[in-house]
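Peer 1: Got a structure for you, written out below as structure tokens; questions coming shortly.
The values are calculated or read from the model by the stated rules, or taken from the named source; none is laboratory data. Quantities reported herein were computed from a predicted structural model and do not represent experimental measurements. For neighbour counting, all protein chains shown are included, and Cβ atoms are generated from backbone atoms with ideal geometry for every residue, glycine included.
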């Protein structure tokens, strides 16, 4: 049962809750793990406020800081939830640059660290990488040479959707690492949101959101956030 008063105090968007799980809608400006800041500066700290010491929350899946959408948390039976998540169906919506030549497709390209990058965590399609597969389709071709895509990762590699779509030639709008210039990420890390980033990117985060998650008989869905919906 969702506890509306407690969720408001914790600044948490609760989608669903059961005896041994919790599903939340993570905003696109929130890290999953603790960082420097107050008690609201990470998703895990907000979860602890919401659960009020009743149980210890554990992430079944995580999202990058700027990726919004569905996150599954176990309140108990963590290993069982993690095993079930291996077969989960995950659906993301994103806004990308350009109009893909096809209406749908499959990207099967191995991913691994990009050597020599300014960004330590940057991934790339590399021959020696781990297998990675992403299905995608165009939901809407948008004005301004952009498109709304649905992406369904079949594997779970770091930054997989963002790397694969950039490899396809259609990076996610607002992506500071896999867009046109990786120095945007370094600039944002060092100086925050600058006038240059505003001019070059136009949006404060990469426009990617986990909108559907299916496993163990559950089918959780949310609407795309306002910054994505503003494009269509």
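Peer 1: Which condition number in (1) in contact (Cβ under 8 Å) with a residue 60 or more places away in the chain; (2) in contact with a strand residue (DSSP E or B) (Cβ under 8 Å, 6 or more places away or on another chain); (3) not assigned by TED's automatic domain parsing to the domain that holds residue 115 is the one that residue 159 fails?
Peer 2: Failing condition for residue 159: (3).
Peer 1: Here is a further query. Which of the residues belonging to region 178-232 are loosely packed, with under 15 Cβ neighbours inside 10 Å, over 21 Å from residue 166 (Cα atoms), in contact (Cβ under 8 Å) with a residue 12 or more places away in the chain and in contact with a helix residue (DSSP H, G or I) (Cβ under 8 Å, 6 or more places away or on another chain)?
Peer 2: Within region 178-232, 216, 223 qualify.
Peer 1: Output the residue which, of all residues in region 89-104 that are surrounded by fewer than 17 Cβ atoms within 10 Å (Cβ to Cβ) and in contact with a strand residue (DSSP E or B) (Cβ under 6 Å, 6 or more places away or on another chain), is nearest to residue 217 (Cα to Cα). Please lay out each step first, then the result.
Peer 2: Initially, region 89-104 is screened for residues surrounded by fewer than 17 Cβ atoms within 10 Å (Cβ to Cβ), giving 89, 98-99, 101-104.
Next, from what is left, pick out any that are in contact with a strand residue (DSSP E or B) (Cβ under 6 Å, 6 or more places away or on another chain): 89, 99, 103-104.
On the way: 89: 11, 99: 35, 103: 30, 104: 27 Å.
Among those that are surrounded by fewer than 17 Cβ atoms within 10 Å (Cβ to Cβ) and in contact with a strand residue (DSSP E or B) (Cβ under 6 Å, 6 or more places away or on another chain), it is 89.
Peer 1: If you don't mind, there's one more thing I want to ask. Could you go through region 124-142 and let me know if any residue there is under 24 Å from residue 198 (Cα atoms) and in contact with a helix residue (DSSP H, G or I) (Cβ under 9 Å, 6 or more places away or on another chain).
Peer 2: no
Peer 1: Given (1) in a strand (DSSP E or B); (2) under 14 Å from the mean Cα position of the chain (by Cα), identify the lone condition not met by residue 62.
Peer 2: (1)
Peer 1: Could you pull out the residue among 152, 157, 141 that is in a strand (DSSP E or B) and under 21 Å from residue 86 (Cβ atoms)? Lay out the reasoning, then the answer.
Peer 2: Details: 157 fails: in a strand (DSSP E or B); 141 fails: under 21 Å from residue 86 (Cβ atoms).
Result: 152 is the single residue among 152, 157, 141 that is in a strand (DSSP E or B) and under 21 Å from residue 86 (Cβ atoms).
Peer 1: Can you name every residue in region 161-177 that is surrounded by 16 or more Cβ atoms within 10 Å (Cβ to Cβ) and part of a loop (DSSP other than H, G, I, E, B)? Talk me through it step by step, then tell me what you get.
Peer 2: Of region 161-177, the ones surrounded by 16 or more Cβ atoms within 10 Å (Cβ to Cβ) are 161-168, 170-177.
Result: 170, 171, 173, 174, 175, 176, 177.
Peer 1: Could you list all residues from region 115-134 that are buried (at least 16 other Cβ atoms within 10 Å of the Cβ) and either more than 15 Å from residue 90 (Cα to Cα) or under 16 Å from the mean Cα position of the chain (by Cα) (or both)?
Peer 2: 119, 122, 123, 124, 125, 129, 134
Per-residue answers, yes or no, for (1) part of a helix (DSSP H, G or I); (2) over 26 Å from residue 201 (Cα atoms); (3) out of contact with any helix residue (DSSP H, G or I) (no Cβ under 6 Å at 6 or more places or on another chain):
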position	(1), (2), (3)
44	yes, yes, yes
47	yes, yes, yes
50	yes, yes, no
53	no, yes, yes
56	no, yes, yes
66	no, no, yes
69	no, no, yes
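Peer 1: So residue 184 ticks every box in (1) within 20 Å of residue 91 (Cβ to Cβ); (2) modelled with pLDDT of 95 or more but one. Which box is left unticked?
Peer 2: Here residue 184 clears every test but (1).
Peer 1: So which residues in region 103-114 are free of Cβ contacts under 8 Å to residues at least 60 places away in the same chain and within 21 Å of residue 156 (Cα to Cα), if there are any at all?
Peer 2: Answer for region 103-114, where residues must be free of Cβ contacts under 8 Å to residues at least 60 places away in the same chain and within 21 Å of residue 156 (Cα to Cα): 104, 106, 108, 109, 110, 111, 112, 113, 114.
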